[in-house]
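Colleague: My questions all concern the structure below.
The values are calculated or read from the model by the stated rules, or taken from the named source; none is laboratory data. Keep in mind the model is a prediction, meaning the values are calculated, not measured. Please note: Cβ atoms are built from the backbone with ideal geometry, for glycine as well, and neighbour counts cover all protein chains shown.
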């Protein structure tokens, strides 16, 4: 006979605790509801080519891949984030066998153009418009740069070239290559001329960055003739910009490796390799690197000219 002073317990609650735990494991499996994928299951990034993640980006979280209309791209008055799932490629004017995606143009409010050029088999570049200078950076593949004197340079991944305004040249590709291209109308100064430059990121010296922890390389000379520069900036996981920048310079950015958080104005954006960013003058900007690998981005910056 039950003691009426004791609460009545459901028989299920009388099961030994080890039986309940066993049932829980059977239903959920070894991983449970919130298990993260094993590090051992992930692809070894060290076995991939440099900037492989840029040309093979994660387009969206798995639970959003089938959501129509989803994109991380954003366009605002003073900044834009252009992400890979919204790239639109079409034939580049005056190039042969080459598709291009314009990521930054004056329609946004920029003073320059930044685009990706996907060169296919037996492809060749066109020339930029009159008085327009060009900078190219090889993200994937190999190209040959030739000038009117017949001098040729083979440019591989992480190589770059600066072509002064009205400099006759051609870019050829026998197989396939992906280039980041920057172009702007050159701001001429009396008695100053830029020169043709070919180089590689790993040959550029690290520069001092007082008060900062990131590594900085400049791919162009800092001298007066050059009206823009291209920076390569490296952040280890957890590193971030100390200065919260607000300045008159414009930026165009390509995240080549890694992932992190970028502040633009009052917005905070998760970003990853393959993303492009336009920053207008005076928009507040800040970056922090996340994840387990290095972040590297390529940054356009206008310099050496009076803003008037």
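Colleague: Tell me, yes or no, whether the range 183-193 has at least one residue that is under 23 Å from residue 99 (Cβ atoms) and touching a residue at least 40 places away in the same chain (Cβ under 8 Å).
Modeller: Start the filter on the range 183-193 by keeping residues that are under 23 Å from residue 99 (Cβ atoms), which leaves 183-184.
Those still in the list that are touching a residue at least 40 places away in the same chain (Cβ under 8 Å) too: 183-184.
So far as the range 183-193 goes, yes, one or more of its residues are under 23 Å from residue 99 (Cβ atoms) and touching a residue at least 40 places away in the same chain (Cβ under 8 Å).
Colleague: Any residue that is within 23 Å of residue 267 (Cα to Cα), in contact with a strand residue (DSSP E or B) (Cβ under 7 Å, 6 or more places away or on another chain), modelled with pLDDT of 95 or more and part of a loop (DSSP other than H, G, I, E, B) - is there at least one of those in the range 84-98?
Modeller: no
Colleague: Name the residue that is nearest to residue 116 (Cα to Cα), counting only residues in the range 279-289 that are crowded, with 17+ Cβ neighbours inside 10 Å and within 15 Å of the chain's Cα centre (by Cα).
Modeller: Here the residue is 279.
Colleague: Only one of 140, 120 is touching a helix residue (DSSP H, G or I) at 6+ places or on another chain (Cβ under 6 Å) and more than 30 Å from residue 282 (Cα to Cα). Can you tell me which?
Modeller: Just one listed residue meets the conditions, 140.
Colleague: Also, quick follow-up: Please pick out the residue among 229, 249 that is surrounded by 12 or more Cβ atoms within 10 Å (Cβ to Cβ) and within 28 Å of residue 152 (Cβ to Cβ).
Modeller: 229
Colleague: Name the strands (runs of 3 or more DSSP E) wholly within the range 100-210 that hold at least 2 residues that are at pLDDT 95 or above and surrounded by 20 or more Cβ atoms within 10 Å (Cβ to Cβ)?
Modeller: Correct list: 113-124, 132-141, 143-147, 159-163, 169-173, 177-185.
Each row is one residue, and each column tells you yes or no for (1) surrounded by 22 or more Cβ atoms within 10 Å (Cβ to Cβ); (2) within 20 Å of residue 77 (Cβ to Cβ); (3) touching a helix residue (DSSP H, G or I) at 6+ places or on another chain (Cβ under 7 Å); (4) modelled with pLDDT of 95 or more.
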{"position": "255", "(1), (2), (3), (4)": "yes, no, no, yes"}
{"position": "261", "(1), (2), (3), (4)": "no, no, no, yes"}
{"position": "265", "(1), (2), (3), (4)": "no, yes, no, yes"}
{"position": "268", "(1), (2), (3), (4)": "no, yes, no, yes"}
{"position": "274", "(1), (2), (3), (4)": "yes, no, yes, yes"}
{"position": "277", "(1), (2), (3), (4)": "yes, yes, no, yes"}
{"position": "292", "(1), (2), (3), (4)": "no, no, no, no"}
